[in-house]
Amino acid sequence: MGRRPVTVRLARWSAEHPWRAIALWVVFVAVCFAGGSAAGLKEATDADMAIGEAGRADIIVTEGNFDDPAVENILITPRTGALDPAAAKAAAADATARLRQVTGVASVGAPVPSRDGAALLVPVTMAGDPDDAADRVQPLRDATAEVQAAHPQLRVEEVGGPSINQALDETLGKDFKRAELLSLPVTLAILIVAFGALIAAGVPVLLALSSVAAAMGLSTLASHLVPATDTTASVILLIGMAVGVDYSLFYVRREREERAKGRSGLDAVEIAAETSGHAVVVSGFAVIISMAGLLLANDAVFSSLAVGSILVVAVAVTGSLTVLPALLAKLGRWVDRPRVPLLWRLTAPRTGPDGREAKPRFWPAVLRPALRAPLATLVVSVGLLLALAAPALGMKLKFPGMEDLPRTTPAMQAYDRLTAAFPSTGTSHQVAVRAPADQADRVRAALTDLAGRAAADPLFAPAEGDGPKIEVSADRRVSVLEVATPYASRDDEAARSLRTLRDDLLPTAMRGIPDVTYAVGGGVAASEDYARHVQEKLPIVMAFVLALTFAVMVLTFRSVVVAATSIVLNLLSAGAAYGLLVLVFQGSWAEGLLGFTSMGAIVSWLPLFLFVVLFGLSMDYHVFVVSRIREGIRAGMSNADAVAYGITSSAGVVTSAAVVMVGVFGIFASLSTIDMKQLGIGLAAAILLDATIIRAVVLPSLMTLLGDANWWAPRFLREKPAAPPADPPAPAPELVGAR
């Protein structure tokens, strides 16, 4: 007998020394978490996240070191009919007097009437750090409520960046808290149904949570090399729970199967390590490759997500090869306790009179068309998936704007009234100019002229009050002008106004000024530039992921055909997910069903992130299923019988893992923001399609049609024939001989 693979030897040692393995794992997790907490988190700066011309504009503004205090507004509008000027002025005077007495208010400006006289605006400048202004806005809201109570005939509202941020933080905080509270019990409930025993269901959750805790600490340490963003922790939790539960599920189910056949505890663990453990290592490596592709995007957000995801997957794989075998060996048959009576009878591994595992009836019935008429089944199923993917050809990419935030809060309702009365307070472009200090006067004159030309163009909104406000840095090298547009940030006309500003107005205004550098930023610019960035980087990331994944699959299965078909099937799954996203979210038919307002586009960052996540997670299932099929081939089965064995023996665990993921991702689809809804629906739908149509219909029909050609490889890649095992697996009786 040859030397056992390192994964098997590692699992065997852990199973023979369970307390040592468990203690080492606990110490590892504790050290990682404590080390991360001690080192502290290094967050990405604006310069790190600069993308395109909008990013260059942000850098120029940052160089100006402007004093940019937080600003709130008191908006006074009529409840019905026209605004009474005298009553509005009295309310404005009352608001001014009250707010000047509030701690944290630096100044209160003069009231500004709207152009149509339908509203009055009182600007309020807050003192202190603008970054935490949302935490200090409540006293202003209380004073505004007092003004409202004193003037009931008017609508008096506070609206501005800090108050909107506070309201959104409350709404989104409740959303995410609900998601976190639901995800764990939903996962546990699905695993209880899958295993029929409480301890067996708890083991995957325990490994997943400990992997997430260790990865959180490691990612904090890694942030000193690759700065983190505020989404990194959420992605670590999402990916960590998904792969941690998956890997444990694969391992535990195989160990239970082997014990049901009469294997000893150590032998069952060793066989599980040699089969499912090997599949876990390969699939984990495939996920890591997919996530590493994000590093090629040259984007601080994606780089941070890549590092966090790679770390949590690596930790989960390590745990599945060390502490998981130790737990299973120590628990022994206690892993099947306490049993849930009805569920246990439905899920427990069963053996027939000959001692072999009894085969289910459902999956053979599902497989029958693929095995008996593979060509017709393949054509129909692939045709359906391609039809579902077709809408992706019309995908549009945009950032969500203020108009896409939930309108359930009074702050957002007030924002809508503010922008309707004062268009220049809504969507705006930020013109940033850097020039020698002795050119500051020429730059100011040029920007003033630009603002005047923009005011005459219906694509732009004229400035309120005394005309354009041009900020100049203390060293007179940086000048900034806000140019408003009356259109929503994701409106096509807003994008057209950006192009007019970038291609015509700004270059014309800056012509002749020596050593000048300029750029246009703002929300619209960031959205357009990021969409272009994703479109440019997606092919590069895809090529990297596809090439390396192909190489890993060839080396793992010693088959060029298996590697190529795995790539094609995963691309088909990703394409169908893209098409479904476009079908659901770029139209309006599903708005009432899913509780969103269509933005007519897909969130800019989603396609790239979705591709690597789906490709990595889909490879989990593919490696696990094909590994089972190869077991059948090595045992001497015909190709069709091996396909039947591989699908039927893995269907239960793949389905359970997919249901866990769909359940958790579905919770994200219930959140308020459009980006989280799209992420949740995209991930849930893709995993569901992959675990059902791809793995149960397309894969078996394709492998049956290819026959022995599945395992073709150049001579130098072929592995030596393996001796058949002493107890070879049996094909599903209903499918023996099916062609």
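Looking across Ala57, Ala30, Ala21, one residue alone is open to solvent by less than 60 Å² (accessible area, probe 1.4 Å), at pLDDT 90 or above and over 30 Å from Ala329 (Cα atoms). It is Ala57. Are any of the residues in the range 648-659 open to solvent by less than 20 Å² (accessible area, probe 1.4 Å) and within 18 Å of the chain's Cα centre (by Cα)? There is at least one residue in the range 648-659 that is open to solvent by less than 20 Å² (accessible area, probe 1.4 Å) and within 18 Å of the chain's Cα centre (by Cα). Answer yes or no: is there a residue in the range 696-719 that is under 30 Å from Val603 (Cβ atoms), open to solvent by less than 40 Å² (accessible area, probe 1.4 Å), at pLDDT 85 or above and part of a helix (DSSP H, G or I). Checking the range 696-719: at least one residue is under 30 Å from Val603 (Cβ atoms), open to solvent by less than 40 Å² (accessible area, probe 1.4 Å), at pLDDT 85 or above and part of a helix (DSSP H, G or I).
Could you grab me the full set of residues in the range 216-249 that are under 20 Å from Phe176 (Cα atoms) and either assigned to a helix (DSSP H, G or I) or basic (Lys, Arg) (or both)? Of everything in the range 216-249, those that are under 20 Å from Phe176 (Cα atoms) and either assigned to a helix (DSSP H, G or I) or basic (Lys, Arg) (or both) turn out to be Met216, Thr232, Ala233, Ser234, Val235, Ile236, Leu237, Leu238, Ile239, Gly240, Met241, Ala242.
Take Val541 and tell me if it is out of contact with any Leu (no Cβ under 6 Å at 6 or more places or on another chain) and either modelled with pLDDT of 90 or more or open to solvent by 20 Å² or more (accessible area, probe 1.4 Å) (or both). Even if it seems obvious, please write down each step before you answer.
Numbers: out of contact with any Leu (no Cβ under 6 Å at 6 or more places or on another chain): no; either modelled with pLDDT of 90 or more or open to solvent by 20 Å² or more (accessible area, probe 1.4 Å) (or both): yes.
It is false that Val541 is out of contact with any Leu (no Cβ under 6 Å at 6 or more places or on another chain) and either modelled with pLDDT of 90 or more or open to solvent by 20 Å² or more (accessible area, probe 1.4 Å) (or both).
Pairs meeting the criteria (first residue in the range 692-713 and closer than 16 Å to Leu571 by Cβ, second residue open to solvent by 60 Å² or more (accessible area, probe 1.4 Å), beta carbons under 9 Å, at least 6 apart or on different chains) are Ile693/Leu384; Leu702/Val568. Mind checking which residues of the range 156-177 are without any contact (Cβ under 8 Å) to a residue 40 or more places away in the chain and within 18 Å of the chain's Cα centre (by Cα)? Listed by number, the residues that qualify are Gly173, Lys177.
Starting from residues that are among the hydroxyl-bearing types (Ser, Thr, Tyr) and assigned to a helix (DSSP H, G or I), keep the ones in the range 647-686 and report whichever is farthest from Phe250 (Cα to Cα). Only one residue fits best here, namely Thr648.
Would a scan of the range 162-175 turn up a residue that is over 30 Å from Asp68 (Cβ atoms), out of contact with any Cys (no Cβ under 7 Å at 6 or more places or on another chain) and open to solvent by less than 60 Å² (accessible area, probe 1.4 Å)?
no
Got at least one residue in the range 43-50 being open to solvent by less than 80 Å² (accessible area, probe 1.4 Å) and in a helix (DSSP H, G or I)? Within the range 43-50, none of the residues are open to solvent by less than 80 Å² (accessible area, probe 1.4 Å) and in a helix (DSSP H, G or I). For Ser598, the criteria (1) touching a residue at least 60 places away in the same chain (Cβ under 8 Å); (2) under 22 Å from the mean Cα position of the chain (by Cα); (3) surrounded by fewer than 20 Cβ atoms within 10 Å (Cβ to Cβ) hold in every case but one, which is (1). Looking only at the range 245-268, decide whether some residue is out of contact with any strand residue (DSSP E or B) (no Cβ under 6 Å at 6 or more places or on another chain) and over 25 Å from Arg4 (Cα atoms). Among the residues of the range 245-268, at least one is out of contact with any strand residue (DSSP E or B) (no Cβ under 6 Å at 6 or more places or on another chain) and over 25 Å from Arg4 (Cα atoms), which makes the answer yes.
Looking only at the range 471-484, which residues are crowded, with 18+ Cβ neighbours inside 10 Å and in a strand (DSSP E or B)?
Of the range 471-484, the ones crowded, with 18+ Cβ neighbours inside 10 Å are 472-473, 477-481, 483-484.
Selection gives Val472, Val478, Ser479, Val480, Leu481, Val483, Ala484.
Listed conditions (1) more than 23 Å from the chain's Cα centre (by Cα); (2) over 17 Å from Val323 (Cβ atoms); (3) touching a residue at least 40 places away in the same chain (Cβ under 8 Å); (4) open to solvent by less than 10 Å² (accessible area, probe 1.4 Å) are all met by Ala272, apart from (2).
Given the criterion within 30 Å of Leu671 (Cβ to Cβ) and either without any contact (Cβ under 8 Å) to a residue 12 or more places away in the chain or open to solvent by 20 Å² or more (accessible area, probe 1.4 Å) (or both), identify the matching residue among Ala194, Ala189. So that I can check it myself, show each step before the final result.
On the way: Ala194 fails: either without any contact (Cβ under 8 Å) to a residue 12 or more places away in the chain or open to solvent by 20 Å² or more (accessible area, probe 1.4 Å) (or both).
Matching residue, one of Ala194, Ala189: Ala189.
Comparison of Gly202, Gly160 shows that the only residue that is over 30 Å from Thr655 (Cα atoms) and at pLDDT 85 or above is Gly160. Given the structure, is Ser223 touching a strand residue (DSSP E or B) at 6+ places or on another chain (Cβ under 9 Å), crowded, with 24+ Cβ neighbours inside 10 Å, touching a residue at least 12 places away in the same chain (Cβ under 8 Å) and more than 23 Å from Ala326 (Cα to Cα)? Judged against the criteria, Ser223 is not a match. Among the conditions (1) out of contact with any strand residue (DSSP E or B) (no Cβ under 9 Å at 6 or more places or on another chain); (2) open to solvent by less than 10 Å² (accessible area, probe 1.4 Å), Gln678 misses just one, which is (1). How many residues does the range 95-141 hold that are loosely packed, with under 15 Cβ neighbours inside 10 Å, among the charged types (D, E, K, R) and assigned to a helix (DSSP H, G or I)? Total meeting the criteria: 4. Within the range 528-566, the set of residues being of a type in the set (Val, Ile, Thr) and within 22 Å of the chain's Cα centre (by Cα) comprises Val534, Ile540, Val541, Val545, Thr549. For the range 395-415, a tally of residues being assigned to a helix (DSSP H, G or I), within 25 Å of Leu580 (Cα to Cα) and open to solvent by less than 40 Å² (accessible area, probe 1.4 Å) returns 1. Can you name the residue in the range 509-535 that is part of a strand (DSSP E or B) and crowded, with 22+ Cβ neighbours inside 10 Å and is also modelled with the lowest pLDDT among such residues? Residue satisfying both the conditions and the ranking: Gly522. Within the range 605-631, being of a type in the set (Gly, Ala, Ser) and buried (at least 24 other Cβ atoms within 10 Å of the Cβ) holds for Gly616, Ser618.
A single entry from Leu459, Leu498, Leu418 fulfils the requirement of being open to solvent by less than 30 Å² (accessible area, probe 1.4 Å), within 23 Å of Met599 (Cα to Cα) and assigned to a loop (DSSP other than H, G, I, E, B): Leu459.
Looking only at the range 239-269, which residues are among the aliphatic types (A, V, I, L, M) and surrounded by fewer than 22 Cβ atoms within 10 Å (Cβ to Cβ)?
Let us first name the residues in the range 239-269 that are among the aliphatic types (A, V, I, L, M), namely 239, 241-243, 245, 249, 252, 260, 266, 268-269.
Hits for the range 239-269 are Ala260, Leu266.
Of the set (1) free of Cβ contacts under 8 Å to residues at least 40 places away in the same chain; (2) out of contact with any Asp or Glu (no Cβ under 9 Å at 6 or more places or on another chain), all apply to Leu249 but (1). Within the bounds of the range 327-342, is there any residue that is modelled with pLDDT of 85 or more, hydrophobic (A, V, I, L, M, F, W, C) and under 17 Å from Leu218 (Cβ atoms)? Checked the range 327-342: no residue is modelled with pLDDT of 85 or more, hydrophobic (A, V, I, L, M, F, W, C) and under 17 Å from Leu218 (Cβ atoms).
The values are calculated or read from the model by the stated rules, or taken from the named source; none is laboratory data. This one's a predicted model, so the numbers in the text were calculated from it and none came from an experiment. Cβ coordinates were reconstructed from backbone atoms using ideal geometry, including for glycine residues, and neighbour counts include every protein chain displayed. When the accessible area is computed, the model is the full protein with side chains, heavy atoms only, and any ligands, DNA or RNA have been set aside. Shrake-Rupley method; radii C 1.70, N 1.55, O 1.52, S 1.80 Å.
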